[in-house]
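Step one of this worksheet: look at the structure below.
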Amino acid sequence: QGQVVESGGGLVQAGGSLRLSCAASGIISSTNIKAWYRQAPGKQRELVASLTNSGSTNYADSVKGRFTISRDNVKNTVSLQMNKLKPEDTAVYYCNAWWGNIEYWGRGTQVIVSS
């Protein structure tokens, strides 16, 4: 068994910053964590940022230049540094992992950005 657990969400004013963390455990390691997604109320879940094992990153156009995804293999985590937050960043943020052909999702962490 394995799991991923998100943390670090909260309420922040527009222009502020938050750092989300996704912790892996069990059979899941940080190298299995591939991406952060988010889902705003009434909207579909969307890809925010992804990270390959070689370190290549990809970002949604809406967060480019503001968000940074990174992996810490010692702590077994993948983080999402979010700067210059906007009200439209308000959502539940989820990390996504794959172990073989099995997909894992955490329960999410809520981010609310007030204007």
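The values are calculated or read from the model by the stated rules, or taken from the named source; none is laboratory data. This is a predicted model, so every value here is computed, not measured. Neighbour counts run over all protein chains shown; Cβ positions are idealised from the backbone, glycine included. Keep in mind that these areas ignore ligands, DNA and RNA; they rest on the heavy atoms of the full protein, side chains included. Shrake-Rupley method; radii C 1.70, N 1.55, O 1.52, S 1.80 Å.
Applying the criterion of being part of a strand (DSSP E or B) and either free of Cβ contacts under 8 Å to residues at least 24 places away in the same chain or not hydroxyl-bearing (Ser, Thr, Tyr) (or both) to the residues of the stretch 104-115, the residue that is farthest from Arg45 (Cα to Cα) is Val113. All conditions in (1) at pLDDT 95 or above; (2) β-branched (Val, Ile, Thr); (3) more than 14 Å from the chain's Cα centre (by Cα) hold for Val48, with the sole exception of (3). Taken over the stretch 89-103, the criterion of being open to solvent by 70 Å² or more (accessible area, probe 1.4 Å) and either in a helix (DSSP H, G or I) or in contact (Cβ under 8 Å) with a residue 40 or more places away in the chain (or both) is satisfied by Trp98, Trp99.
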